[in-house]
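Presented below is the structure to which this report refers.
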Amino acid sequence: MAKYKIAWMPGDGVGNDVMDAARIVLDKAKFDAEYVPADIGWEFWKTEANPLPDRTLDILKNTDCALFGAITSLPKEECESALIPELQGKGHVYASPIVRLRQEFNLRTNLRPCKGYEGNPLNYKDGIDLVVFRENTEDLYVGIEFHPLPDEVRDVVRKHHKKMARFDKTPGDEIAVSLRVNTKTGCTNIITDAFEYAKKHGYKSVTVVEKPNVVRETSGLMVRTAREVAKKYPDIELWETNIDAMCMWLIKNPLDYGVLVTSNMFGDIVSDLCAQLVGGLGFAASGNIGDNYAVFEPTHGSAPKYAGQYKVNPMAMLLSVKLMFDWLGETELGSALDGAMADVIKEGKILTYDMGGTNTSLEVAEAVAGRM
Ligand code: IPM
Ligand code: MG
């Protein structure tokens, strides 16, 4: 029997291309695993009105962790019309399968390292080494939203909040409300993870990125919690920055920062910015990590126009595999893969189109595998 059981979820679009690339590296590493294919994505939305079928959840429950390629999500109206005719008009509502996975499996930490590899022509500056800790199950992503706004909800809010009176004259169908829900536990967990990581990897600061001057309660809870948690780590400085200013500082002085910690929505945004500083979405890897399970995925979308062309940069996927190795405790494999990627990038001979080359996703994976 193989040492590990890994759920294998290519998903949509280029997900399959980059997962094929991952497989080249996994096989070369002689990673002792059984890969269990699992259905996820747009195909299953169209035909079953469920992009994350129950059979997939069962597979995940019986594996050590999952590798995931990419997903296509579209706005509400386009989702309905994509359904096969017999499923249309039945009130099916599309929910992002990755967001659902994060919540159902309580994958509360989204780890997004953004390190500039030496010689990457896409680096914004040399020496960037950022790691984003994004809270992964709460915040604006809880999916508690109202449109139209029911009168009962409006009345309750109005009773507790005078500010709601401003909207008394606006009809319910002209108001949309999305709740931002953050908990003390959620804040404590993500901030602790960030500090632990900083301690383990020798970063001198942790920056909490929020907006407590305006969003006083939710962002305030994050910052207040960060101050509490920071007391347990006297050797690491806590820096507090507002999300808007942070975006400017990251462009101006990216080398000043190391570990960033933030809530779900801000983390979604700022992690794309950080990824762009070190080569764009082709380098954006992530681990969705819980206490007992984890899903590793590149955060580039499914890029449907490139699907099946083996054109996109597989580095983000390979970096996600590295995160998986590390999470499983296979740190030697993790370092070997990291070193091999660094070598291939430094050499600068085998490059996908985004890096100015003409090589395929698979050729890049072969080159990396060859260096392991
Ligand atoms: C990400 C993506 C997802 C998110 C989408 C695909 C739901 O942008 O992982 O950053 O918003 O979290
Ligand atoms: Mg995103």
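Some notes on this structure:
- Apolar share of the accessible surface for the chain: 53 percent from carbon plus sulfur atoms, 1.4 Å probe.
- Probe 1.4 Å, accessible area per residue of the chain, Å²: 47
- For trypsin sites (Lys or Arg not before Pro), the sites in region 116-224 that DSSP calls loop and that have at most 13 other Cβ atoms within 10 Å are 125, 169, 204, 216.
- Here the chain is scanned for GluC sites (Glu not before Pro) in DSSP loops (not H, G, I, E, B) that have at most 14 other Cβ atoms within 10 Å, and the longest stretch holding none of them is 218-372.
- Within a Gaussian network of the chain (alpha carbon springs, distance under 10 Å), most fluctuating of 202, 334, 290: 202
- Among 314, 148, 121, residue whose mean-square fluctuation peaks in a GNM of the chain (springs only between Cα atoms under 10 Å): 148
- Beta bridges per DSSP with both ends in the chain, % antiparallel, nearest 5: 40
- One equal scatterer on each Cα of region 106-166, no solvent, Debye formula: the resulting log10 I(q)/I(0) at q = 0.19, 0.23, 0.25, 0.28 Å⁻¹ is -0.82, -0.95, -1.00, -1.08.
- Three-way shape call for region 183-284 based on the alpha-carbon gyration tensor, with the a/c threshold at 1.5: oblate
- Using the Cβ-Cβ distance between residue 292 and residue 76 with R0 set to 22 Å, the FRET efficiency works out to roughly 0.10.
- Net lengthening on full extension, residue 224/residue 252 (0.36 nm per residue, minus Cα-Cα): 7.4 nm
- Nitroxide proxy distance, nm - points 7 Å out along Cα→Cβ at residue 362 and residue 92: 3.3
- Shape of the chain, Cα gyration tensor, a/c cut at 1.5: oblate
- Computed E for residue 160/residue 47 - FRET, C-beta separation, R0 45 angstrom, nearest 0.05: 0.55
The values are calculated or read from the model by the stated rules, or taken from the named source; none is laboratory data. Model, not experiment: these values are computed from the prediction. Glycine gets a Cβ as well: all are built from the backbone with ideal geometry, and neighbour counts include every protein chain shown. The accessibility values were calculated without ligands, DNA or RNA, using every heavy atom of the protein model including side chains. Shrake-Rupley method; radii C 1.70, N 1.55, O 1.52, S 1.80 Å.
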